[in-house]
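The values are calculated or read from the model by the stated rules, or taken from the named source; none is laboratory data. This is a predicted model, so every value here is computed, not measured. Cβ atoms come from the backbone with ideal geometry, glycine included; neighbour counts cover every protein chain shown. Areas reflect the complete protein model, heavy atoms only, side chains present, ligands, DNA and RNA absent. Shrake-Rupley method; radii C 1.70, N 1.55, O 1.52, S 1.80 Å.
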Amino acid sequence: SFTLPEKSNIGTLLQSLHPTPAVSGLPKEEAFRCIMEQEGYDRRYYTGFLGMLDPQAETHLYVNLRCMHIGKSSLTLYAGSGLLASSTCRDEWKETEQKLRTMASIVK
């Protein structure tokens, strides 16, 4: 939560906030470039942000870290994971599977 300066540019603000470190890591530009080169698929709705912009009043924005694409005959669930110096790939994969199980449970 913060107060914007009177002469702020909301577009510049949003560009500086997104993607957040939770989405692509740090340093931002290097991490984003690595993801684009290595990931190999379109994230679609994952990692966007949601909310109504109201420069004259309060604005509430939320980073979209879990989502679902509803197709004609299928559902595609998206959830992120992250690696820290203290984490292991196996543990992060298990955590991501748990996130997806939680999401899948609402559509069964």
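General remarks:
- Whole-number percent relative contact order across region 1-104, with pairs defined as alpha carbons under 8 Å at least 6 apart: 16 percent
- Accessible area per residue in Å² at 1.4 Å probe, computed on the chain: 82 Å²
- Three-way shape call for region 9-108 based on the alpha-carbon gyration tensor, with the a/c threshold at 1.5: oblate
- Residues whose amide H lies under 5 Å from that of Asn64, counting only those 5 or more places away or on a different chain, are Thr47, Gly48, Phe49, Leu50; hydrogens are built 1.01 Å from N in the peptide plane.
- Selection from Leu75, Pro55, Ser86 lying farthest towards where the dipole of region 43-108 points positive, charges on Cβ: Leu75
- Evaluating 6.51 cos²θ - 1.76 cosθ + 1.60 at θ = phi - 60° for every residue in region 70-76, the Karplus couplings come out as 9, x, 4, 9, 8, 10, 10 Hz, glycine and proline recorded as x.
- Potential lengthening of the chain between Thr102 and Ser74 amounts to 8.3 nm, from the contour at 0.36 nm per residue minus the alpha-carbon distance.
- Carbon-plus-sulfur accessible fraction, region 1-92 (probe radius 1.4 Å, protein heavy atoms only): 56%.
- Efficiency of FRET between Ser87 and Lys7 - r from beta-carbon atoms, R0 41 angstrom, step 0.05: 0.50
- The alpha carbon gyration tensor of region 1-66 gives principal lengths a ≥ b ≥ c with a/c of 1.5 or higher and a/b greater than b/c, which makes the shape prolate.
- Local net charge near Leu4, Cβ-Cβ under 12 Å (Lys/Arg +1, Asp/Glu -1): -2
- Anisotropy class of region 47-96 from Cα gyration tensor, a/c 1.5 cut: oblate
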